[in-house]
Every structure is written in structure tokens, then in C-alpha cells.
1. Suppose the filter is of a type in the set (A, V, I, L, M) and open to solvent by less than 10 Å² (accessible area, probe 1.4 Å); does L299 pass it?
2. Please tell me if A351 is under 29 Å from P136 (Cβ atoms), modelled with pLDDT of 95 or more and among the hydrophobic types (A, V, I, L, M, F, W, C).
3. Name the residues in the range 159-179 that are open to solvent by less than 20 Å² (accessible area, probe 1.4 Å) and of a type outside the set (G, A, S), would you?
4. Going through the range 225-254 one residue at a time, which ones are of a type in the set (S, T, Y) and either surrounded by 12 or more Cβ atoms within 10 Å (Cβ to Cβ) or assigned to a helix (DSSP H, G or I) (or both)?
5. Applying the selection to the range 1-33, what residues are open to solvent by less than 30 Å² (accessible area, probe 1.4 Å), closer than 17 Å to R147 by Cα and modelled with pLDDT under 90?
6. Of a type outside the set (S, T, N, Q) and under 22 Å from D381 (Cα atoms): is that true of F171 in this structure?
7. L36 passes all but one of (1) assigned to a helix (DSSP H, G or I); (2) open to solvent by 30 Å² or more (accessible area, probe 1.4 Å); which number fails?
8. Just to be sure before I move on: is Y333 open to solvent by 10 Å² or more (accessible area, probe 1.4 Å), touching a strand residue (DSSP E or B) at 6+ places or on another chain (Cβ under 9 Å) and of a type in the set (S, T, Y) in the structure I sent?
Amino acid sequence: MTIESTPLFGIDALALRTSCGPAWVVDSVESIPIHLRQASFAARCKDFRYYEVLDAALHEQFDFRYFVLHDEASGEWALQPLFFVDQDLLAGLPQSLRAPFNGIRKYWPGFLKMRMMMIGCAASEGELDHERPWVPLALHEVIETYRRQTRPSLILLKDFPASYRAGLSTFSSNGYQRAPSMPSARLEFDFATFEQFMMEKLSKVFRKNLRRKLRASEEGPPITMEVMNDATHLVDEIFPLYLQTFERSDFSFEKLTKEYFCLLGQRLPDRVRYFIWRREGRIIAFNLSMIHEGTLYDLDIGLDYSVALELSLYFRTWRDMIEWSLQNGLKAYQTGPLNYDPKLHLKLRLAPQDLYARHNWAVFNPFFRLAIKYLEPTRHDPVLREFPNASEL
């Protein structure tokens, strides 16, 4: 494959070629023809509008790029977002396991910190534009060329759901190590009411504990909930709650911004839902979700921790969202990684995700493939092993 600068529909782009046809690398969403953007990821919950929001809202954290792929045989196109980031490989380990490396980093601050090229989504699970067989083949080839030009230390396909394992076998059988990433969790609504869910799904002990927590949230001034698809006018109230929750997490990758919470509702109002909980007029919790094909996708939560524990807001907000979903005819609920203990007791099932990784230099790749088996984060979360489908990881 040769690389040269060439116009892509009147816009300069980096031109590559795969065995399927021509490919380009562009450095902004504006460089992609609008008709391709509108068609891209159309069958996914997060269509390309979501990536446009990330490009605008998180550009200070990530160096975004986009592969534009074309299959000459079928005439089809595909887009694939990617980004560069300086990443700490220890970030996925518990603090207790990171501590022994503090001494090394005192004298070598960059130890196990590498510049990475990540393929996928900076603020969610990774996906391919569509399911055509030529897409992973062309993607593998274009990455191979582009990595030699950009020379990142590591190349990683980030958080791709397990349903992609067959399609991405071209990576796992050609130099990439597949390893489990922190999974999402899912609940199918095979019940009509929340009361039925508690009686049929939960253990007697946890059901009693949950009722106690919900009663605690009902004591004192009432808590009200409203649902909207744009919370721009409330961003100064909800963003501090997001920061409170973010700062309590042991694991973090992206840090969302006010612009993100504004743009998402403005650009995807058909799919975005903001759940807002108030007490005596003051917002004490919010949840950002998206709706697609009968599933409520739980993206982000913010809680006021001056009252969150006293009022058991995690469980109160979750109960309210499930009830709202049932009332609005939804069929399932899916939430992101982490905080697995309540998800286990609430009988959610794991929705496994994978990462595919390789070192840029072939000589180091065998050692890296071995190391990633020990650095991958699921090894160090004992709660994950208790889920009935943990073997699927």
C-alpha cells in the first residue's frame, strides 16, 4: 500500500489502499462527506452523531481520527473512528496492585505509560459501522499501514462486544491478543412490574434489603422524577453531580465535559433521555440514557453524595428507571461497566466485551501478548466470577 496526500471529495486526506479498495484517514468529522456521516452506524444505538459529539466535546483529551473505507466489489462504504491517547497500562488494576509500581515510577515516571492508537469509541463500547465481511478485513489492513506511519507503542481495539468475536477473528488470528475487557450488564424485561421483578428474581434476603432502602428514599420530603431529551438548561446543576460520582470511581478513562452533556441532547433528541430527580426543588440525582430498539442504555449517572447514601439514591433511581421503561414499552435495560456488586444482586447478566491489542514492534509483541493476560482488568474483580455467565468472559 502506498501513502500520499490526495483529495477526498475535494478535501485533503491521507490516502491508503486495502485489498478491498481505497481507504483514507481524516482528522475531523467535517472532512467526511455528510452523506457518509448520515449513513454511518445507522443501525447502532450510537449512530455517527454520537461520534460528532465526542469530537466536539472531548477533543482536549483525545486526538481523533477517522478511517474511511471503500469496497470496490460492492460499492459499499464504512467509517471507523479511532483516536490517539497516552495511556497508563496500570489504570485497569486496583489501587492495591498499582502501589508496588510507585517506587519504579519515582525514578521512571513513564514506566508502563504508552502512546496508544485505539480503534472504537472514546466514551462507550466499540462497534463497526456495519456487519459486512469486508469491513474487518479492510480495517485490519489499513491499521497495519497506518500504524507504521504513526508509530504508536500499542494498537488496541477497545471494548468490542463479544458478538464481534467471529468477525474480528482476522485480528485475533493475525498478531492481536484478544482479552476480556470490563463487561457491561443487561436485564431482559420478562416481568410486567417492578414488584413482580422483586418477587420472582431477587433472593429473599436482598429483596428485604432493597425494600428497606427504597423506604428510606421515601421518608421526608418527596423525591420527584422528570424525563427530558435535552438538559442543556440544567447543565450547571447536573455536571457537579457527575463530577462527584466520577471522582469516587477507582477506574476512569474519559472525563466527560459540560459540552458533552449539552450536545448529546441537542444532536440526538430522538434517542437521548435525561432522568432528573429533585427534592424540595433541588436536583439530587440525574441519569443520562439512550433508547434504541426497545432497550434503555444507561450511560452516565450523577448523585449528590450529601444525601445519596442516606436516601439510597442508587437503588431509588434504578427502580424509577426500570418502572419508566416498563411503562413505556421497553424490553430490556443495559448498563456500562463497573459497580458489579449491586448488578449481581439485581440479577443482571454480564454482556462481555473484548479488547484486541498488539505492540507496534513485532519483536516485543510476544512479550506483550503474555503481559496483557495479567494486566487485563477482569482478573482482579472477584465479583465478576460470581455471575452465572462469567465463563462467557
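The values are calculated or read from the model by the stated rules, or taken from the named source; none is laboratory data. In this text the structure is predicted, and so the values were computed from the model without any measurement. Using ideal geometry, Cβ is built from the backbone for each residue, glycine included, and neighbour counts are taken over all protein chains shown. Please note that ligands, DNA and RNA were not included when accessible areas were found on the heavy atoms of the full protein model with its side chains. Shrake-Rupley method; radii C 1.70, N 1.55, O 1.52, S 1.80 Å.
1. no
2. It is true that A351 is under 29 Å from P136 (Cβ atoms), modelled with pLDDT of 95 or more and among the hydrophobic types (A, V, I, L, M, F, W, C).
3. Within the range 159-179, F160, Y164, L168, F171, Y176 meet the criteria.
4. The first filter runs over the range 225-254 and keeps only residues of a type in the set (S, T, Y), leaving 232, 242, 245, 249, 252.
Correct list: T232, Y242, T245.
5. Once the filter is applied, which keeps residues that are open to solvent by less than 30 Å² (accessible area, probe 1.4 Å), closer than 17 Å to R147 by Cα and modelled with pLDDT under 90, the range 1-33 yields only A13.
6. Answer is no for this residue.
7. (2)
8. Details: open to solvent by 10 Å² or more (accessible area, probe 1.4 Å): no; touching a strand residue (DSSP E or B) at 6+ places or on another chain (Cβ under 9 Å): yes; of a type in the set (S, T, Y): yes.
It is false that Y333 is open to solvent by 10 Å² or more (accessible area, probe 1.4 Å), touching a strand residue (DSSP E or B) at 6+ places or on another chain (Cβ under 9 Å) and of a type in the set (S, T, Y).
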